[in-house]
Amino acid sequence: MALPLNGFLFQPRWRPCYAADVSDLVEQVRQTILEKRLLRPGQAVVLAVSGGLDSMVMLHLLARLSGEHQWRLVVAHLNHGLRGRESDADQAFVRAAAAQLGLPFVTKRVAVTRHAQQRNLSVEMAARQLRHQFLARTAPACGAATVALAHHADDQVETFFLRLLRGAGGESLAGMRYRSPSPADPRVELIRPLLGCRRSALRDFAQAAKVDFREDASNLKADFLRNRLRLELLPLLTAEFQPALATTVLRTMELVGAEAEYVGELARGWLWRARRQPFAKLHVALQRRILQSQLLALGVAPSFDLIEALRLAPDKPVMAEPGLQLRRAADGAVSLGRLKTVSFNPRQLTVDLTGPSGSVTFGSLVLEWALKPLPPGARQALEPQPGAERFDADKVGSPVHLRHWQPGDRFQPIGLRQATKLQDLFVNLKVPRPERHRRVLATTHEGVIFWVEGLRISEQFRLDNGTRRCLEWRRRRPAEA
């Protein structure tokens, strides 16, 4: 039944099915397909069948229902080739099951490991990507626009914890939907007719209906995060904290999903209106969703930090990724600009610190230096002077080199226990990218950085009780004089 909420209608995303016998589960799935409008009478649909319990049960359930609804079923199997002969045996098993049911069979073998290496992906992610590509190409080739997947309620629970651990928002924590566009081709629709069913119900059906399936030994290995969740974390939480964990999580996903959907509707409504409520007066949840929607439309991944940077600082440029700069206007509109690539400047100048004092010009920077004796106890009497930095002259030595920031540079400002990447310091201090390349730094003859324009001096070269000579360093740029 639809639930009214402030003028919007929401359908519960899942309805648990606990089948007492074979006919109960068949009827549950039939009702799900009808209520969710997953399939129309006479429609062609590709079934993604791996040979495991879930997909084999889905295959037999839809085969039983297809006569009543005249669905045209096609069985599709992707051979990942990850388990050698076992993978080939899976393919032969699914082919035989399709033939026994009198259904067309489509298969393909792929090299998941090579795909993962070429695109710098995990094996799990590479397999998922290739699987979706295969199904998205198979469907139109078979005259279908729909692919049925065998995800069930326990998969939802695992998905919830996977996304929770990765810091997902409400929309993602709502989990998988009964129907969604394929990530490989939005013209192909994915449906999940078993999404309200528990794995135990599927296993009971397989036993009662004598449905054969193959167990994938890799599902018992803790190599993948999802497997570790299924094998270690969820059993622990169920045994030690919440016996009804699956029911509780699924209920939470329904609540979070409905609220996220409502906020999404409000955000879309706000974006479509010509006359809007001021962005600054909107609830923070609505502000975030409005910014998220705009970032997705611009093709930018909407991370929490990026959204918050835009939300809290109107008209301030925010770097999305190298070369891309975002800005949020006071009215809430997000704009994207592309920056010219700033290259590293290889220019360098050697300076001999001979004589009591001297000056040197490096680009637009003028440096004036002086060497002064520092008697015991005089360090405490030195007064700070604006624009001046002091170093232990004997630790710095001579000559020194002036240059710009280069990849891999590390620096240890006063207060840090060890040297860190100069790039990380710039990022933490929010130094704009072009400014990072403009600033000048100084190194000893051995290449150790003792000074960076605009940062604290180096911990290694500060004055201490053993200092006998002081190097006083002043900088200025003509435009600042």
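The values are calculated or read from the model by the stated rules, or taken from the named source; none is laboratory data. Values in this document were obtained by computation on a predicted structure and should not be read as measured data. Glycine gets a Cβ as well: all are built from the backbone with ideal geometry, and neighbour counts include every protein chain shown.
Out of curiosity, is Leu367 in contact (Cβ under 8 Å) with a residue 60 or more places away in the chain and outside any loop (DSSP other than H, G, I, E, B)? If you could, list the steps in order and put the result at the bottom.
Numbers: in contact (Cβ under 8 Å) with a residue 60 or more places away in the chain: yes; outside any loop (DSSP other than H, G, I, E, B): yes.
Criteria met by Leu367.
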Residue in the range 56-69 that is modelled with pLDDT under 95 and touching a Pro at 6+ places or on another chain (Cβ under 6 Å) present: yes
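How many of the residues in the range 93-119 are out of contact with any Phe, Trp or Tyr (no Cβ under 6 Å at 6 or more places or on another chain) and outside any loop (DSSP other than H, G, I, E, B)? Give the steps one after another, and end with the answer.
We begin by selecting, within the range 93-119, every residue out of contact with any Phe, Trp or Tyr (no Cβ under 6 Å at 6 or more places or on another chain); these are 93-94, 96-97, 99-107, 109-119.
This time we only want the ones that are outside any loop (DSSP other than H, G, I, E, B), so: 93-94, 96-97, 99-101, 105-107, 109, 112-118.
Residues in the range 93-119 being out of contact with any Phe, Trp or Tyr (no Cβ under 6 Å at 6 or more places or on another chain) and outside any loop (DSSP other than H, G, I, E, B): 18 in total.
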Which listed residue, of Arg327, Arg311, Arg347, is under 13 Å from Leu291 (Cα atoms) and touching a residue at least 24 places away in the same chain (Cβ under 8 Å): Arg311
Only one of Ser180, Ser172 that is of a type in the set (S, T, N, Q) and in contact with an Asp or Glu (Cβ under 8 Å, 6 or more places away or on another chain): Ser180
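Residue by residue through the range 88-102, note down the ones that are free of Cβ contacts under 8 Å to residues at least 12 places away in the same chain and among the small types (Gly, Ala, Ser).
Residues of the range 88-102 that are free of Cβ contacts under 8 Å to residues at least 12 places away in the same chain, as a first pass: 88, 92, 96, 99-100, 102.
Matches in the range 88-102: Ala92, Ala96, Ala99, Gly102.
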Complete set of residues in the range 293-307 that are of a type outside the set (Val, Ile, Thr) and either outside the structural domain of Ala330 (by TED's automatic domain parsing) or free of Cβ contacts under 8 Å to residues at least 60 places away in the same chain (or both): Ser293, Gln294, Leu295, Leu296, Ala297, Leu298, Gly299, Ala301, Pro302, Ser303, Asp305, Leu306
Residues of the range 355-376 that turn out to be closer than 15 Å to Ser398 by Cα and at pLDDT below 85, as a count: 1
Output for the range 94-104, where each listed residue is surrounded by fewer than 18 Cβ atoms within 10 Å (Cβ to Cβ) and not small (Gly, Ala, Ser): Arg95, Gln100, Leu101, Pro104
Residue match in the range 229-248 (condition: basic (Lys, Arg) and surrounded by fewer than 16 Cβ atoms within 10 Å (Cβ to Cβ)): no
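Okay, residues lined up against (1) at positive phi; (2) touching a Ser or Thr at 6+ places or on another chain (Cβ under 6 Å); (3) in a helix (DSSP H, G or I); (4) at pLDDT below 90:
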| residue | (1), (2), (3), (4) |
| --- | --- |
| Leu233 | no, no, yes, no |
| Ala239 | no, no, yes, no |
| Val256 | no, no, yes, no |
| Arg276 | no, no, no, no |
| Ala285 | no, no, yes, no |
| Ser293 | no, no, yes, no |
| Leu296 | no, no, yes, yes |
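For the range 62-92, which positions are in contact with a strand residue (DSSP E or B) (Cβ under 9 Å, 6 or more places away or on another chain) and part of a helix (DSSP H, G or I)? Step through it out loud before you land on a result.
Our first condition is that a residue be in contact with a strand residue (DSSP E or B) (Cβ under 9 Å, 6 or more places away or on another chain); within the range 62-92, this holds for 62-63, 66, 71-81, 87-88, 90-91.
Correct list: Leu62, Ala63, Ser66, Ser87, Asp88, Asp90, Gln91.
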The one condition in (1) aliphatic (A, V, I, L, M); (2) part of a strand (DSSP E or B); (3) farther than 30 Å from Ile307 by Cα that Leu336 fails to fulfil: (3)
Unmet criterion (only one of (1) under 13 Å from Gly169 (Cβ atoms); (2) surrounded by fewer than 18 Cβ atoms within 10 Å (Cβ to Cβ)) for Pro278: (1)
Which numbered condition Val249 misses (of (1) part of a helix (DSSP H, G or I); (2) under 30 Å from Ala96 (Cα atoms)): (2)
Condition met for Pro302 (modelled with pLDDT under 90 and within 30 Å of Glu171 (Cα to Cα)): yes
